[in-house]
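**Student:** Got a structure for you, written out below as structure tokens; questions coming shortly.
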Amino acid sequence: MIFAPFTGKDNHGRPVTFAAGLLSKEIANSFSWLFNQFVKCMGVALKLIVTDQDLGMKVAIEEVLVNTRHRWCMWYVMNKVADKLPKNMLGSEELKKELNACVWSELIEPDAFEETWHAIMERYGLANNDWFSSMFASRRFWVPAFFREFPMSSLIKTTSMSESQNGFFKRYSKSRSNLIQFYMNYNHTLKTQTSNSAKLEYYDSTKVPILKTKLEIEKHASTIYSGSGYNAIQEEIVFACFFLSCATLGVSTNREIEVYNVKDNDSNSWTMTYSIGDDTYFCRCKKFERLDLLCSHIFCVLKYKFVKLIPEKLRGGRWLKSQFVKPIHGVFCDDQEIHLAADEKKIAFKNLYALFIETTQSIEGNIHQINAFASIIEEGKKLLLG
Ligand SMILES: [Zn+2]
């Protein structure tokens, strides 16, 4: 049978297994069943699913996970490049360099990606290559430029997570195990995962991180983020402190918006906008939207403005210490609730609650949308309850 685990990441950036299924065949119907069971058990569908390029899985996702963003693992796609290139180009370091810079960049918009891709294909005579043409046609499934604003957390950051998880499960299982042995080994694997996570929780509550700057904001970051979150944030703070300069580009006439220009030592520049009314920051690099991690450009502006604490809206939810973590998607539930998840009423309620959380989070900064949403709920309440 085929083992199909669902793996996410926790606030330490470590893999967490949410669920797993055993399939008899890797076909669309089996995957549809699996996804349906997952949604039924979890009470809420996934926001994002990262898979290989399996066609059956793609069909099942389109059928069952209609509101889930589907992304192919970049590593699977890029590992095939060497096999697909014409032999006379295999040694071309220039082509590899240009192609990597084009497809891996999270900092270019889709139109810039498309322009650069076409230029590379023309330059190296690959415009009519079937594989490259089909990968371009499917670009929305794998190229980072198309996920610039989508919350990816750390799912696509390092080497293929599925590969490392496969290795993790293999360490605790044997190929000729019967079902009972497999089930016991699987539980043992999950216990190891939980125990690794507990160790990190312990470090977070006892370890005092070493600060690298004298900024109050770094000290504050060390108290609210998990170890991994803080390490990533600290890099950005150090960069903002020693390698970036910030200048005000302008302030709008009605004093609603401040615009900043942030420059690094190589004269690359980024525009950062601060909305005074709702106390929100937006940097065009979109790192915060994508990874829930503040970028060095925003830190540079916070330092320029002498801000000592990370503003509430810039803390995100993904990398906080466990005691500060908020539900990002759906709700937390205790063990008893998990057992009752099969209950149709519970599932419907959880879906409703997740919808409410998702809607309120997405309209948070817009007073008109907040008022409109409140009116809709008020109307609905009157309609239902009289
Ligand atoms: Zn930025």
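Just so it is clear, none of the values below were taken in a lab; they were calculated from the coordinates. None of the values given here were measured: they were computed from a predicted structure. Counting neighbours? That spans all protein chains shown, and the Cβs are built from the backbone with ideal geometry, glycine included.
**Student:** Can you give me the distance in nm between label points at Leu249 and Glu63, each placed 7 Å from the Cα along the Cα-to-Cβ direction?
**Tutor:** 4.8 nm
**Student:** Further question on the same structure: What Kirkwood radius, in Å to one decimal, follows from the Cα pairs of segment 1-156?
**Tutor:** About 17.4 Å for segment 1-156.
**Student:** Kyte-Doolittle mean at least -0.5 and Cα extent at least 18 Å along the axis: which DSSP H helices of the chain qualify?
**Tutor:** 28-42, 227-242, 344-363, 367-385
**Student:** To one decimal place, what orientation-averaged projected area in nm² is obtained for the convex hull of the Cα set of segment 216-321?
**Tutor:** If I average the Cα hull's projected area over directions, I get 6.3 nm².
**Student:** If each Cα of segment 3-89 is one equal point scatterer, what is log10 of I(q)/I(0) from the Debye formula at q = 0.11, 0.19 Å⁻¹?
**Tutor:** Cα-only, vacuum Debye calculation for segment 3-89: -0.37, -0.92.
**Student:** Using a 10 angstrom cutoff on alpha carbons, build the Gaussian network for the chain and name the most mobile of Phe243, Phe147, Phe38.
**Tutor:** Ranking Phe243, Phe147, Phe38 by mean-square fluctuation puts Phe243 first.
**Student:** Across segment 1-157, how many lysine pairs, 8 or more apart or on two chains, come within less than 26 Å at their alpha-carbon atoms?
**Tutor:** The result is 24.
**Student:** Looking at the chain, send over the antiparallel percent of its DSSP beta bridges, to the nearest 5.
**Tutor:** The answer is about 85 percent antiparallel.
**Student:** Suppose a student asked you for the relative contact order of the chain, using Cα pairs under 8 Å spaced at least 6 residues apart; what percent would you report?
**Tutor:** The value is 15 percent.
**Student:** For a distance above 29 Å, tell me the whole-number percent of Cα pairs in the chain that qualify.
**Tutor:** Result: 55 percent of Cα pairs exceed 29 Å.
**Student:** How long is the gain from Asn185 to Leu23 if the chain were fully straight, where each residue apart is worth 0.36 nm and the alpha carbon distance is subtracted?
**Tutor:** That works out to 56.6 nm of additional length.
**Student:** Would you list Thr248, Thr68 from fewest to most Cβ contacts within 10 Å?
**Tutor:** Sorted ascending by nearby Cβ count, the order is Thr248, Thr68.
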